[in-house]
Amino acid sequence: MPIVTALRNDKLAEGHWAQIKNLIKKEFDINQEDFLLKSLIDLDIIQFQEEITSISTKATQEANLRDQIEAIKSQWMKINFVVEFEDKCDSYVLKELDDIYVALDESLANINMILGSRFVAPLRVEAEQQKHYIMTLSDMIDQWVICQKNWRYLENIFKANDIKQALAQTTQQFMTVDKFFK
């Protein structure tokens, strides 16, 4: 019986059980030892087979989306940002960005797919928060890379002797900041 399978779904949470009880307008506890197939028949639950199967399917889909959100979170807990010392600029630089950008793209695609699901309603806030984290991380990495690139450019400019003489005060300011961060 499909209704028995639907009611045995381990993905059914309290909210789903409340929907089922509200649908049949009767209280029951499926975990009781004396709750048998006869109990279902006595509740005349068969007339609600389609709706209960739909609730069970919804519970499964919501659980799958929750697992996908957790997989995205777990992925980012494992990613290491590689920062290596670079002699030519005498400072630490963010490296191996290709893997990070691939992870960002995959995470963003996955979270957008989750947000596009018709079953996302109870998870929407969490999914949108995760998307916000991914977007913030992406912006942060972009700014970090831009800063590194610009700093290297400025370092080369202020190392030139003619610039040191022509812009002595500005060179001193740059060297003070450069020394502070190194």
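The values are calculated or read from the model by the stated rules, or taken from the named source; none is laboratory data. Because the structure is predicted, anything quoted here is derived from the model rather than measured. Backbone-built Cβ (ideal geometry, glycine too); neighbour counts: all protein chains shown.
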Out of (1) surrounded by 15 or more Cβ atoms within 10 Å (Cβ to Cβ); (2) assigned to a helix (DSSP H, G or I), the odd one out for Asn112 is which? (1)
Of everything in the stretch 1-51, what is within 21 Å of Asn64 (Cβ to Cβ), at pLDDT 90 or above and either in contact with a Pro (Cβ under 6 Å, 6 or more places away or on another chain) or not in a helix (DSSP H, G or I) (or both)? Give them in sequence order. Asn9, Asp10, Lys11, Leu12, Ala13
Per-region count, the stretch 123-134, residues over 10 Å from the mean Cα position of the chain (by Cα) and either modelled with pLDDT under 95 or loosely packed, with under 14 Cβ neighbours inside 10 Å (or both): 2
Do we find that Ile3 is over 17 Å from Thr57 (Cα atoms), surrounded by 11 or more Cβ atoms within 10 Å (Cβ to Cβ) and aliphatic (A, V, I, L, M) in this structure? no
Are any residues in the stretch 144-156 farther than 14 Å from Phe81 by Cβ and either among the polar types (S, T, N, Q) or surrounded by 12 or more Cβ atoms within 10 Å (Cβ to Cβ) (or both), and if so, which ones? Asn150, Trp151, Arg152, Leu154, Glu155, Asn156
Do we have any residue at all in the stretch 89-97 that's over 14 Å from the mean Cα position of the chain (by Cα) and on the phi > 0 side of the Ramachandran plot? yes
Of all residues in the stretch 79-109, how many are loosely packed, with under 13 Cβ neighbours inside 10 Å, aromatic (Phe, Trp, Tyr) and in a strand (DSSP E or B)? 1
Restricting to the stretch 28-72, count the residues that are touching a residue at least 60 places away in the same chain (Cβ under 8 Å) and touching a Lys or Arg at 6+ places or on another chain (Cβ under 7 Å). 0
